[in-house]
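Beneath this line is the structure, given in structure tokens, with notes to follow.
The values are calculated or read from the model by the stated rules, or taken from the named source; none is laboratory data. Remember, it's a predicted structure, so these values are computed and weren't measured experimentally. Because the Cβ atoms are built from the backbone with ideal geometry, glycine has one as well, and the counts that use them run over all protein chains shown. The accessibility values were calculated without ligands, DNA or RNA, using every heavy atom of the protein model including side chains. Shrake-Rupley method; radii C 1.70, N 1.55, O 1.52, S 1.80 Å.
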Amino acid sequence: MSGGQPLGAQGSGAQRSGARPLVLIADNDLLDDVLRASAAASVPVEVVPDPGAARRAWSDAPLVVVGDDTAAAVAQVGLPRRSGVVLVGREPPDPDIWQRGLQVGAEDVVFVPEADEWLANRLADAAEGEVRTGALICVVGGRGGAGASTLAAGLAVSGTRRGLSCLLVDADPLGGGLDLALGYENTDGLRWPQLAESRGRISAAALQHALPTGPSRRGSRLPSLGAVPLPLISCDRTDLADVPADGMAAILDAGLRGADLVIVDLPRCRSAAGEVALARSTVTLLVVPAEVRATAAAGRVAELVAVSATDVRLVVRGSGPSRLRGEVIAQSLGLPLVGEMAPDPDIGADLDRGLPPARTGRGPLAEMCHHLIGELVFRSRGAA
């Protein structure tokens, strides 16, 4: 196997304390504006109209929203200075509000309804705490049947087995659905048809909670992937023509805030959603069977991918009749070779049975995925 350069270092999520953002507002109209932002962010808040009763929650809350109507009372109570205080007023602003902001130690002074979206994002950031900065790996086949979907699923399974928080995204509406490959087809949870209209910011925790995260078959003997669930956003067998670009952007932004590793299985044809994923990708893997025609087809796909992706690397699968070596294919395509995988005769039968690829950690596919996870993720974190 030939190794590539590691990805950038990844962050990890902090433990959530469970405390809610604190809202100190007595005015009903102003409170309605803040609660509307809270609902938009899917973040519950604790409302305390009396600043004197908020001393304990004041210190524990990840964010404090003070209404201009209670700012003087908050300052008079003498609550300790802390970070993460926002003072909210209404348009048009009272010139004295800036002084009241200084008195309560506000980092920001904002005005509703103009700042509704800003406040919703600020509440979401506070609720999620210190979020991950995940890596995004896109996988695309150099020709039809190259094995890109299998590799994408195998990477997600292998990453999960190694303790990473992973999200697998199926971006190919004509691929039959990755839920079948993982045995998730009977598992409750949202698929692309229900997520296609997603826009703006999505809570990372809410997204994971809404997705299928494991097979649900009676009497299933599937090997455990460990304590970490594997959420999947899958296409299904409905009439979804394409994955919307806005929906893909919203999903990826949430995924990268909530997971160590996001893997996207892309179709070979150009699409707006695919270009969104490629532009955000940390690395894109082009999967090419060791065949002359496959290499010729992959050349065009590589050109299309390189329009949006900044880091494209090659994975060579199998050994075709021409016995092309991975180094020769890499030289022909002008791409760095990150790995070669021997033929795996058990993959087809396992996929037909809905058994997740690389689930046992053994075999050519599992070895390849283990290598790639080590090279592209763990090596950059000093853990491999």
| message | Going by average Cβ density within 10 Å per residue, which order do the peptides 195-207, 144-156 take, highest to lowest? | response | 144-156, 195-207
| message | Tell me the mean residue ellipticity at 222 nm calculated for the chain from its helices only (DSSP H runs of n ≥ 4, each -39500 (n - 2.57), averaged over every residue, nearest 500). | response | -10500 deg cm²/dmol
| query | GNM, the chain, Cα, under 10 Å: largest mean-square fluctuation among Pro336, Pro345, Pro49? | reply | Pro345
| How many percent of the accessible area of the chain is carbon or sulfur, using a 1.4 Å probe? | 49 percent
| query | So for region 59-118: antiparallel DSSP bridges make up what percent, rounded to the nearest 5? | reply | 0 percent
| task | Taking only the C-alpha atoms, wrap a convex hull around region 245-295 and report its volume per residue in Å³ as a whole number. | result | 83 Å³
| query | In region 284-345, what trypsin sites (Lys or Arg not before Pro) fall in a loop by DSSP, with at most 12 other Cβ atoms inside 10 Å? | reply | Arg323
| Net dipole in debye of region 223-361 [+1 Lys, Arg Cβ; -1 Asp, Glu Cβ; about Cα centre; nearest 20] | 320 debye
| request: Using a 1.4 Å probe and counting only protein heavy atoms, arrange Asp125, Asp188 so the residue with the most accessible area comes first. | output: Asp188, Asp125
| query | What translational D, rounded to a whole number of µm²/s, comes out for region 283-384 from Stokes-Einstein when the hydrodynamic radius is the Kirkwood one over Cα pairs, at 37 °C and 0.692 mPa s? | reply | 224 µm²/s
| request: State to the nearest 20 debye the size of the charge dipole of the chain about its Cα centre, where the only charges are +1 on K and R beta carbons and -1 on D and E beta carbons. | output: 1800 debye
| Taking a probe of 1.4 Å, how large is the accessible area per residue of region 279-342, in Å²? | 47 Å²
| Relative contact order for the chain, counting Cα pairs under 8 Å that sit 6 or more residues apart, in percent | 21 percent
| said: Beyond 29 Å, how much of the Cα-Cα pair distribution for the chain remains, as a whole percent? | reply: 49 percent
| Picking from Ala120, Ile25, Pro357, whose Cα lies most toward the positive end of the charge dipole for the chain (charges on Cβ: Lys, Arg +1; Asp, Glu -1)? | Pro357
